[in-house]
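The values are calculated or read from the model by the stated rules, or taken from the named source; none is laboratory data. Computed from a predicted structure; not experimentally measured. All Cβ positions, glycine included, derive from the backbone under ideal geometry; neighbour counts span all protein chains shown. SASA here: full protein model, heavy atoms, side chains in, ligands and nucleic acids out. Shrake-Rupley method; radii C 1.70, N 1.55, O 1.52, S 1.80 Å.
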Amino acid sequence: EVKNGQRTGIDTQALKSKVAASTTADAAGSEVKNGLRHLLGRSRAVVSSMGRSSLGFGLFLGIFNGVSCNVETIRKRKDWVNSFAGGAAAGTFAGLNTRDPRMIMYSALGTGVVTSAVFVAFGVSGLDDKSAGY
């Protein structure tokens, strides 16, 4: 560049293009950073949701198994009634978040019917009544 008849040695066009490129890179970098923050925020939400779902499913299965095994031990029989009782208890747990007594009852009965139907349709894997000591 020439200023007052003397050359300054500064190429203003090159300087402007460098500033523009730097500004564009900064904007792109901030977009990438914002995108990563958004992705991390969403992945945390997904992991949190998966954790809650896993916990609920684990509790559901734990209640089902605990009740059905205890009913089987008390009755000394391995039949559909044990599965119905476990399913009804687990269904009650599953329906509690509705806070509607009718929906809780439907959930309990529906889950009890489905689990006892699965027992009838597929039987029991594992020990038979004689080897279980009944």
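Remarks
- Filtered residues of region 52-79 (kept if touching a residue at least 12 places away in the same chain (Cβ under 8 Å) and aliphatic (A, V, I, L, M)): Leu59, Leu61, Ile63, Val67, Val71
- Close pairs (9 angstrom Cβ cut-off, 6 or more residues apart or separate chains): assigned to a helix (DSSP H, G or I) in region 100-119, of a type in the set (Val, Ile, Thr) anywhere: Ile104/Thr92; Ile104/Thr98; Met105/Thr92; Ser107/Thr92; Ser107/Thr98; Ala108/Thr92; Thr111/Thr92; Ser116/Val81
- Tally, over region 82-111, of residues that are closer than 24 Å to Gly123 by Cβ and open to solvent by 50 Å² or more (accessible area, probe 1.4 Å): 2
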